[in-house]
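Presented below is the structure to which this report refers.
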Amino acid sequence: MASQRRTVPLAHLTANLSVVDPIIEDAIQDHKIPGAVLLVGHGGRVVYRKAYGSRALEPRREAMTADTIFDLASLTKVLATTTCVMQLFEQGKIRLNDPVAKYLPEFAQNGKQDITVRQLLVHYSGLTEDLDLKDKDSPIQWEGKDTAYRMAFAEKPVFPAGSRFLYSDINFITLGALVERVSGEPLEVYAARNVFQPLGMMHTRYLPPKAWKAKIAPTEYDDAHVMLRGVVHDPTAQRMGGVAGHAGVFSTADDLAKFAQALLSGGGKVLASVTVEKMTTPQQPPNATAVRGFGWDLDSPFSSNRGELLPVGSYGHTGFTGTSLWIDPATDTYIILLTNAVHMRSVRSEGGSAIALRTKVASAVAAALHLSVSERERARLARITGYNESMAAGRRVNERNGTVKTGIDVLEESGFALLGGAAGGTLSEDPSNLPRQRVGLLTNQTGVDSQGRRTIDVLNNVSGTTLTAIFSPEHGIEGTLDTTAVGNTKDATTGVPVYSVYGGTDAARRPSVEVLKTLDILVIDLQNVGARFYTYETTLGYFLEAAAKAQIPVLVLDRPNPVTGAIVQGPVGDVGHETFTNYFPLPVRHGMTMGELAQMFNEERGIHAKLSVSPMQGWMRGDWFDETGLSWVNPSPNLRNLTEAALYPGVALIEGTNVSVGRGTDTPFEVVGAPWVNARELAQYLNERSIPGVRFVPVSFTPASSNYSGKACPGVNLVLLDRNVFDAPELGVELALAFAKLYPQFRIEAVKDLLVNAAAYEALVAGRDPRRVADDWREGLEAFQKTREKYLLYK
């Protein structure tokens, strides 16, 4: 897992790390903590281990020792419960995308039948933070694990599952119950036998024996004014008898070091390396802002112990009592800081806190060890995690004011260098000695340079070339036609023939190889919209195929993906179901440019055209179109602004059905409805789903064309609130299921034509929660992203 590094003498590292001493001592002096144990691992060895301050202040003062045993609190979630769950996953006994109710049928009550194991692990279940300490069915305080499970199973979600991050102990109480049910063993027995003992963690367990008491850091007085020492601090775990999935484990810094090193080494004796990788990389819903692995925190409001210098790609967790662990595979480092900050409540009314201290310590350690991540390691992390600076840019809040040069601009500035070799010559030669190169151009109204000049006119005036043929895709050369009856014409300005490559048959949509054979080079300049079923992508593929047969080179002039090149969403199209709206198995929203797609198609489909790309300059993968400085040109008649382009990969999924998606109105893809819809009912249903980034307002609209032309259509106006957290393909599934649930007139079967994913369609028809449907297409997305990585021109 870790990269190769020069071994630094231990004495040198120890001396450097002493800079953390005054930071921790200041926290003790400021009464934030009574004491602490710090242990730092780096390069496969412990490089710093030190105790500070006091283990206890009440009822008498005791010095902290490095072997002190701490109540780990919520570190239990990752140390015990998550590891146990992932072992059962490895054994094939559970599937992470399965509903919890498959294993715990009692959990299905009160609307939880679709909550998955995954959603519990990443805290996107919608369940509240903790169990009520008062049993509603009893006048006395509840006790016992079985009672806690009964209460957890009876909980009602406060948010729809998958809609937002809410850190919840109930998630892990339930996961503890799942481990017990599936394994057939008590949680403490299973964890000890399968996690702690194999790693030699001899001072780690639930329910520590009395013999350990003297070494245990006390927490605080209970209601009877008895100091908790060896009794779990968490009140819910206390009621459960000291064993719970969310809290209850006691351990030492030395034992935690064994656990951390096992993960850095690929799982040691407890997990396979691929499982560790999966567990510690982003697994939250794709439209989420809090980045979570399974159990582990990656980048969320709870990431204080990552500090300010450790990179995204590292992971960790904290515990309420004052404990924390952070692990960075990029630099082969782990930082363990154990305190019993809650003990300060015994001596000071305001209590203690280790939150700020964790940040300071992690930053100081990273600086002292000179931890840095090479570009090669960053690329490796990006491949592993699927979450990098580009993705962060794609979800940033502060917009960028960029200046992007498109492929045609770059070609012009180069003196048309990429055209120079089409007939074997170079730009340095006397143009009069070179044959005039016959150029063909696939383009439409979107093919313009930064000065607003058509690519047609630019190429028509290049010295040494003749623009011989123009090819127009769907909607014609001006992009205004919304019909399959698009014939051949001539360009009014240049007189160059325009060959239509769009019609009602496959033959009409493919270029003539014979015409291409009359050319020396084919240039492609089209603005795509970033959705798999937008036909310009298939037209691109068809031209690559024909150019390979005609044995002429292809030059793609690249343009931005208007809905960013950082966000990849939706189901991957099934192999073997290629159509004009599904040329290649891509996700609905692929996050690629036309130049990148051309490279992928050419290689993955074995086309072997002689392909080159004139790349953009200044484009960042996280850029939305309005951050590029470029002028918007409608790519097709019904995509008139960036909001519609953002909504299109979702709303278009249902446009083949018997609803109107706003074609024939001033706001296509911003409204959906039908004459048989109750607008308020539909808006209420969709808003109650808490779909991130979008709200729904009841409206009525009358299309002038397309579905229900001239008829009033009650429905909803989609208001895009936050495009950076919005998942368009998942919205499409939400819309389809909403119509299917509320209106028997809705014909859902047409959705499969653009979804092109049998598993997703079957789940949708079965009425499965759309967030579960989206979770099920994650594996296909992950596999696609590994392939996609090879063809990205803009890293």
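Hey, if we sort 357, 630, 10 by accessible area with the 1.4 Å probe, largest down, what's the order? Walk me through the intermediate numbers first.
Values: 357 10, 630 40, 10 75 Å².
My answer, sorted largest first, is 10, 630, 357.
Identify, among 742, 662, 168, the residue whose Cα sits farthest towards the positive end of the charge dipole of the chain, taking +1 on the Cβ of Lys and Arg and -1 on the Cβ of Asp and Glu, with the dipole about the Cα centre.
168
Sort 611, 256 by heavy-atom solvent-accessible area, probe 1.4 angstrom, most to least.
On the way: 611 45, 256 0 Å².
Largest accessible area first, the list is 611, 256.
Could you grab the Rg to Rh ratio for the stretch 49-124? Cα atoms only, Kirkwood for Rh. List each step's numbers first, then the result.
Values: Rg = 19.5 Å, Rh = 15.6 Å.
Over the Cα atoms of the stretch 49-124, Rg/Rh equals 1.25.
Dipole size in debye (nearest 20) for the stretch 693-795 around its Cα centre, Lys and Arg Cβ +1, Asp and Glu Cβ -1? Don't skip to the end; give the middle numbers.
Values: 14 positive and 13 negative charges, 44 e Å.
I would put it at about 220 debye.
What's the ranking of 531-537, 497-503, 335-341, 233-239 by average number of surrounding C-beta atoms within 10 Å, highest first?
On the way: 531-537: 24.4, 497-503: 19.1, 335-341: 29.1, 233-239: 21.3.
Highest mean packing first, the order is 335-341, 531-537, 233-239, 497-503.
Find the centroid of the Cα atoms in the stretch 483-497 and in the stretch 694-738, then give the distance between the two in whole Å.
35 Å
Of the listed peptides 580-593, 554-567, 701-714, what is their order by residue-averaged count of other C-beta atoms within 10 Å, with the highest listed first?
Details: 580-593: 23.1, 554-567: 26.1, 701-714: 15.7.
Per-residue Cβ counts within 10 Å, averaged per peptide and sorted highest first, yield 554-567, 580-593, 701-714.
Specify the inter-centroid distance of the stretch 142-214 and the stretch 305-352, based on alpha-carbon positions, in whole Å.
First find each Cα centre; the distance between them is then 21 Å.
Tell me, what HN-Hα J-couplings in whole Hz come from the Karplus equation 6.51 cos²θ - 1.76 cosθ + 1.60 at θ = phi - 60° for each residue of the stretch 204-215, using x for Gly and Pro?
Running phi through 6.51 cos²θ - 1.76 cosθ + 1.60 with θ = phi - 60° gives 10, 4, 6, 6, x, x, 4, 4, 8, 4, 5, 8 Hz.
Please state the charge dipole magnitude for the chain, taken about the Cα centre, from unit charges on C-beta atoms (+1 on K and R, -1 on D and E), reported in debye and rounded to the nearest 20. Before the final figure, lay out each step's value.
On the way: 79 positive and 86 negative charges, 284 e Å.
That gives the chain a dipole magnitude of about 1360 debye.
Taking θ as phi - 60°, what are the ³J(HN,Hα) couplings along the stretch 273-287 by the Karplus curve (6.51, -1.76, 1.60), each to the nearest whole Hz, with x for Gly and Pro?
4, 5, 6, 4, 4, 5, 5, 10, 10, x, 10, 6, x, x, 9
May I ask you to derive the relative contact order of the chain, considering only C-alpha pairs under 8 Å and at least 6 residues apart, and to give it as an integer percent? Intermediate results must be reported in sequence, preceding the final value.
Details: 1748 pairs, mean separation 87.5, N = 795.
Worked out over the chain, it gives 11 percent.
Taking the dipole about the Cα centre of the chain, with the C-beta of Lys and Arg at +1 and of Asp and Glu at -1, give me whichever of 52, 418, 127 is farthest to the positive side.
Ranked along the dipole, the leading option is 52.
Amide H of residue 448 versus every other amide H placed in the peptide plane: which residues, excluding those fewer than 5 positions away on the same chain, fall under 5 Å?
Result for residue 448 returns 455.
Taking the chain as the reference, fit the longest principal axis to its C-alpha atoms, fit the long axis of helix 535-550 to the helix C-alpha atoms, and give the angle between the two in degrees, 0 to 90, nearest 10.
It works out to around 60 degrees.
Please report, in debye to the nearest 20, how large the charge dipole of the stretch 432-533 is about its Cα centre when each Lys and Arg carries +1 at its beta carbon and each Asp and Glu carries -1 there.
Numbers: 9 positive and 10 negative charges, 45 e Å.
In debye, rounded to 20, the stretch 432-533 gives about 220.
Considering only 448, 560, 516, whose Cα is most displaced toward the positive end of the charge dipole of the stretch 421-567, charges sitting on Cβ of Lys, Arg (+1) and Asp, Glu (-1)?
Farthest along the dipole direction, towards plus: 516.
As a test, work out the antiparallel percent of DSSP beta bridges whose residues both lie in the chain, rounded to the nearest 5. Could the numbers behind the result be given before it?
Working: 59 of 82 bridges.
Counting DSSP beta bridges with both partners in the chain, the antiparallel share is about 70 percent.
Checking the table 145/360; 258/360; 102/795; 213/269; 32/210; 549/790 against a 32 Å threshold on Cα-Cα, which pairs fail? The partial results should precede the final answer.
Numbers: 145/360 38 Å; 258/360 24 Å; 102/795 42 Å; 213/269 29 Å; 32/210 28 Å; 549/790 25 Å.
Exceeds cut-off: 145/360; 102/795.
Which whole-Hz couplings ³J(HN,Hα) result when phi for each residue of the stretch 187-192 is put into the Karplus expression 6.51 cos²θ - 1.76 cosθ + 1.60, θ = phi - 60°, listed in order with x for Gly and Pro?
Along the stretch 187-192, the couplings run 4, 5, 6, 4, 5, 4 Hz.
For residue 35, enumerate residues with amide H under 5 Å from its amide H, sequence gap 5+ or separate chain, H modeled in the peptide plane.
54, 340
If I fit a long axis through the Cα atoms of helix 375-385 and take the longest principal axis of the Cα atoms of the chain, what angle between them do I get, 0 to 90°, rounded to 10?
On a 0 to 90 degree scale, this one is about 80.
Using only the alpha-carbon atoms, how far is helix 778-789 inclined from the longest principal axis of the chain? Give it as 0 to 90 degrees, nearest 10.
60 degrees
Report, please, the projected area of the chain averaged over directions, based on the convex hull of its C-alpha atoms, in nm².
If you wrap the Cα atoms of the chain in a convex hull and average its projections, you get 37.4 nm².
Give me the Kirkwood hydrodynamic radius of the stretch 699-795 in Å, from all C-alpha pairs, to one decimal place? Provide the component values of the computation, followed by the final result.
Working: mean 1/r = 0.0627 Å⁻¹.
Answer for the stretch 699-795: a Kirkwood hydrodynamic radius of 16.0 Å.
Could you tell me the relative contact order of the stretch 568-624? Use alpha-carbon pairs under 8 Å, at least six residues apart, and round to a whole percent.
Details: 37 pairs, mean separation 14.8, N = 57.
Rounded, it is 26 percent for the stretch 568-624.
Skipping prolines and chain starts, which residues have an amide H placed within reach, meaning under 5 Å, of the one on residue 48, given they are 5 or more residues away or on another chain?
Amide H neighbours of residue 48: 40.
The values are calculated or read from the model by the stated rules, or taken from the named source; none is laboratory data. Here the structure is a predicted model, which is why all the values come from computation and not from measurement. Every residue, glycine among them, receives a Cβ derived from its backbone with ideal geometry; neighbour counts consider all protein chains shown. Heads up: the accessible areas ignore ligands, DNA and RNA and are worked out on the full protein's heavy atoms, side chains in. Shrake-Rupley method; radii C 1.70, N 1.55, O 1.52, S 1.80 Å.
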